[in-house]
1. For the ranges 81-88, 47-54, what's the packing order if you count other beta-carbon atoms within 10 Å of each residue, average per peptide, and put the highest first?
2. Given Cα pairs under 8 Å that are at least 6 residues apart, what percent is the relative contact order of region 49-122?
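Laboratory data are not the source of any read-out in this text; all were calculated from the coordinates shown. Fair warning: this is a prediction, and the values are worked out from it, not measured in the lab. With ideal geometry, Cβ positions are generated from the backbone for all residues, glycine too; neighbour counts draw on all protein chains shown.
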């Protein structure tokens, strides 16, 4: 007699990488779930100050779900984190999610006269160029975006990305294809 029980698909386990500034938050997130495995990156610098980065266990990430908890609180950290963010999806991961708790640019940015440069738009365009993982486009989760949904949406046009945006306690999904 065949079993009528339907086999449950295994719950998705996520390998969570994080920036140095996000370590405390990553530890708290991982403490709340047995489905999150914290992973490490060696954050070093060459003598000239440029990043010398190494993704630990890179060969074991193939086919795995990967997330990166970023912190763009300092402009000096953006380049090194973008380097890792661009590298992770290329490791043949099943899916890649970028979590950005705070969208830093645009807080004081005002386009008041010709020649003002919209740095929020520039950062959004950088994020829209994250490589596609084996499982498809990057999922981007942004909290506290300072009402820049329109800027982010316009910058993501032409990319293949799904973004989850939380602003003023309201959340929206933006899917751009």
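1. 81-88, 47-54
2. 33
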